[in-house]
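S.K.: Quick one: the structure is below, questions incoming.
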Amino acid sequence: MNNKAMDATTLRTDTHAAPLVAPDEPPLYEFLNPGGKAPVLVICDHASQIIPRSMGTLGLDPADLDDHIAWDIGAAAVARRLSAHLDAPALLAGYSRLVIDCNRQPGAPESIPAVSDGVEVPGNRDLGEAEHSARRETFFWPYHQAVTNTLARLWHRGPVPALISVHSFTPRMDGGEDRPWDIGVLWNRDPRLAVPLIDHLRRNDDILVGDNEPYSGLKVAYSIDIHGGAGGLPNVAVEIRQDNVFDEAGQVWWADALGESFADILAMDNLHRVNRF
């Protein structure tokens, strides 16, 4: 498929066939820099706070849709700038994680949460299998198919591509302890991106870097596992504390810091190889 076939106009047209999304609503995902030369794909599973009109507000107050339960605050802006910094393609999910979470196994309770960080989501209660299936087919699978297709094109072009997933996390969760890390580097079994990234970031004494913090990539890593780990591609997820990327200045700073680190890492010898750990 050529780049023109994957532009934003085509993606928006694709939503016409989706029963849960009206023709004038945003596309199911945003595809940036499809012709990027870097052998890496940047993804952002929780880029958007948008709920389709067909679902109203899922019974939530508008303020809830600005909060972290609906999206990863600041993550989309960082992903966009990181894509430009690396000259890499990027895919950003187009609808809220409350509609369906693109970084959770379909069918799991967290996939379409009835409660998120203590907040009840009335529009997600007591859904039948047909409603779950409609959300998967409309929002989840098109995004993940786009990730698969983009990695396939990069791989065909060569060399073996890497996968970077961008997220953000709250300074405190569920009324628990503070999360002091400025950024967490999440990984499962493949250390090829994670370990050098941690080393790079820790060269700045002002940055507190968490290794699989505030939670482990062993537990919350659906997208990088399915698209990276299963195929033996280098992969990593980064989680930036949301108060660090709440405004444009923070988003620019962190995207540039990550861009500089990844530029060095992606140039390492022997990185772009298939290796199943």
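The values are calculated or read from the model by the stated rules, or taken from the named source; none is laboratory data. Only a predicted model underlies this, so the values are computations on that prediction, with no experimental measurement involved. Note: ideal-geometry Cβ built from the backbone for every residue, glycine included; neighbour counts use all protein chains shown.
S.K.: Just give me the residues in segment 89-125 being of a type in the set (A, V, I, L, M, F, W, C), assigned to a loop (DSSP other than H, G, I, E, B) and over 20 Å from Thr148 (Cα atoms), in sequence order. Working first, answer last.
M.R.: Step one: filter segment 89-125 for residues of a type in the set (A, V, I, L, M, F, W, C), giving 90-93, 98-100, 102, 108, 112, 114-115, 119, 121.
Next cut, assigned to a loop (DSSP other than H, G, I, E, B) only: 98-100, 102, 108, 112, 114, 121.
The answer is Leu98, Val99, Ala108, Ile112, Ala114, Val121.
S.K.: Any idea how many residues of segment 163-186 are surrounded by 14 or more Cβ atoms within 10 Å (Cβ to Cβ) and either farther than 15 Å from Ala88 by Cβ or in contact with a His (Cβ under 7 Å, 6 or more places away or on another chain) (or both)? Let's see the steps before the verdict.
M.R.: Within segment 163-186, the first condition is being surrounded by 14 or more Cβ atoms within 10 Å (Cβ to Cβ), and the residues that meet it are 163-171, 173, 179, 181-186.
Keeping just the survivors that are either farther than 15 Å from Ala88 by Cβ or in contact with a His (Cβ under 7 Å, 6 or more places away or on another chain) (or both) gives 163, 167-171, 173, 179, 181-186.
Total meeting the criteria: 14.
S.K.: Looking only at residues in segment 51-75 that are of a type in the set (A, V, I, L, M), out of contact with any helix residue (DSSP H, G or I) (no Cβ under 9 Å at 6 or more places or on another chain) and not in a loop (DSSP other than H, G, I, E, B), which one is surrounded by the most Cβ atoms within 10 Å (Cβ to Cβ)? Before the answer, list the steps.
M.R.: Of all residues in segment 51-75, those of a type in the set (A, V, I, L, M) come to 51, 55, 58, 60, 63, 65, 69-70, 73, 75.
In the following step, the residues that additionally are out of contact with any helix residue (DSSP H, G or I) (no Cβ under 9 Å at 6 or more places or on another chain) were identified as 63, 65, 69.
Okay, now just the ones that are also not in a loop (DSSP other than H, G, I, E, B), so 63, 65.
Details: Ala63: 7, Leu65: 17.
Across segment 51-75, the extreme among qualifying residues is Leu65.
S.K.: Next up: Go through segment 97-137 and give me each residue that's within 21 Å of Ile224 (Cα to Cα) and polar (S, T, N, Q).
M.R.: Asn103, Gln105, Ser111
S.K.: A follow-up question, please. From the list Arg202, Arg189, which one is closer than 28 Å to Arg172 by Cα, among the basic types (Lys, Arg), modelled with pLDDT of 95 or more and surrounded by fewer than 16 Cβ atoms within 10 Å (Cβ to Cβ)?
M.R.: Details: Arg189 fails: modelled with pLDDT of 95 or more.
Sole residue among the options that is closer than 28 Å to Arg172 by Cα, among the basic types (Lys, Arg), modelled with pLDDT of 95 or more and surrounded by fewer than 16 Cβ atoms within 10 Å (Cβ to Cβ): Arg202.
S.K.: Still on this structure: Give Ser133, Ser111 a once-over and let me know the one that is more than 18 Å from Phe246 (Cβ to Cβ), over 14 Å from the mean Cα position of the chain (by Cα), crowded, with 17+ Cβ neighbours inside 10 Å and not acidic (Asp, Glu).
M.R.: Details: Ser133 fails: crowded, with 17+ Cβ neighbours inside 10 Å.
Of Ser133, Ser111, the one residue that is more than 18 Å from Phe246 (Cβ to Cβ), over 14 Å from the mean Cα position of the chain (by Cα), crowded, with 17+ Cβ neighbours inside 10 Å and not acidic (Asp, Glu) is Ser111.
Here is a yes/no grid of residues against (1) within 25 Å of Ala267 (Cβ to Cβ); (2) of a type in the set (S, T, N, Q):
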{"site": "Glu177", "(1), (2)": "no, no"}
{"site": "Ser223", "(1), (2)": "yes, yes"}
{"site": "Gly228", "(1), (2)": "yes, no"}
{"site": "Val236", "(1), (2)": "yes, no"}
{"site": "Glu248", "(1), (2)": "no, no"}
{"site": "Ala257", "(1), (2)": "yes, no"}
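S.K.: Answer with yes or no whether Ser168 is touching a Cys at 6+ places or on another chain (Cβ under 8 Å), within 29 Å of Asp66 (Cβ to Cβ), modelled with pLDDT of 95 or more and hydroxyl-bearing (Ser, Thr, Tyr).
M.R.: Working: touching a Cys at 6+ places or on another chain (Cβ under 8 Å): no; within 29 Å of Asp66 (Cβ to Cβ): yes; modelled with pLDDT of 95 or more: yes; hydroxyl-bearing (Ser, Thr, Tyr): yes.
Answer is no for this residue.
S.K.: Would you point out the residue of segment 162-187, among those that are part of a loop (DSSP other than H, G, I, E, B) and in contact (Cβ under 8 Å) with a residue 60 or more places away in the chain, that is nearest to Val119 (Cα to Cα)?
M.R.: Our first condition is that a residue be part of a loop (DSSP other than H, G, I, E, B); within segment 162-187, this holds for 170-171, 173-177, 179-182, 187.
Still in the running and in contact (Cβ under 8 Å) with a residue 60 or more places away in the chain: 170-171, 179, 181-182.
On the way: Thr170: 15, Pro171: 17, Arg179: 20, Trp181: 24, Asp182: 25 Å.
Checked segment 162-187; the qualifying residue nearest to Val119 (Cα to Cα) is Thr170.
S.K.: Looking only at segment 12-20, decide whether some residue is at pLDDT 95 or above and outside any helix (DSSP H, G or I).
M.R.: First, the residues of segment 12-20 that are at pLDDT 95 or above: 20.
Of the ones still in play, those that are also outside any helix (DSSP H, G or I) are 20.
Yes, there is a match, as at least one residue in segment 12-20 is at pLDDT 95 or above and outside any helix (DSSP H, G or I).
S.K.: Can you find a residue that is farther than 20 Å from Trp254 by Cβ, hydroxyl-bearing (Ser, Thr, Tyr) and not in a loop (DSSP other than H, G, I, E, B) anywhere in segment 150-160? Give the steps one after another, and end with the answer.
M.R.: Of segment 150-160, the ones farther than 20 Å from Trp254 by Cβ are 150-160.
From what's left, hydroxyl-bearing (Ser, Thr, Tyr): 150.
Going one step further and asking which of them are not in a loop (DSSP other than H, G, I, E, B), we end up with 150.
Yes, because at least one residue in segment 150-160 is farther than 20 Å from Trp254 by Cβ, hydroxyl-bearing (Ser, Thr, Tyr) and not in a loop (DSSP other than H, G, I, E, B).
S.K.: Out of all the residues in segment 230-277, which are aliphatic (A, V, I, L, M), over 20 Å from His167 (Cβ atoms) and assigned to a loop (DSSP other than H, G, I, E, B)?
M.R.: Within segment 230-277, Ala267, Met268, Leu271, Val274 meet the criteria.
S.K.: Do you know which residues across segment 42-66 are free of Cβ contacts under 8 Å to residues at least 24 places away in the same chain and of a type outside the set (Gly, Ala, Ser)?
M.R.: Step one: filter segment 42-66 for residues free of Cβ contacts under 8 Å to residues at least 24 places away in the same chain, giving 61-63, 66.
Correct list: Asp61, Pro62, Asp66.
S.K.: Taking His85 as the residue in question, decide whether it is modelled with pLDDT of 95 or more, over 26 Å from Ala249 (Cβ atoms), in a helix (DSSP H, G or I) and not acidic (Asp, Glu).
M.R.: Details: modelled with pLDDT of 95 or more: yes; over 26 Å from Ala249 (Cβ atoms): no; in a helix (DSSP H, G or I): yes; not acidic (Asp, Glu): yes.
Here the answer is no, as His85 does not meet what is asked.
S.K.: Let me ask another. Consider Phe139 against the criteria (1) in a loop (DSSP other than H, G, I, E, B); (2) at pLDDT 95 or above: it satisfies all of them except one. Which criterion is unmet?
M.R.: The number of the failed condition is (1).
S.K.: Considering Ser223, Ser216, which residue is surrounded by 21 or more Cβ atoms within 10 Å (Cβ to Cβ) and hydroxyl-bearing (Ser, Thr, Tyr)?
M.R.: Values: Ser216 fails: surrounded by 21 or more Cβ atoms within 10 Å (Cβ to Cβ).
Going through Ser223, Ser216 in turn, the sole match is Ser223.
S.K.: Looking at (1) assigned to a loop (DSSP other than H, G, I, E, B); (2) at pLDDT 95 or above; (3) surrounded by 14 or more Cβ atoms within 10 Å (Cβ to Cβ), which is the only condition Leu197 fails?
M.R.: Single failed check for Leu197: (1).
S.K.: Could you list, in sequence order, all residues of segment 230-245 that are buried (at least 21 other Cβ atoms within 10 Å of the Cβ) and small (Gly, Ala, Ser)?
M.R.: Ala237
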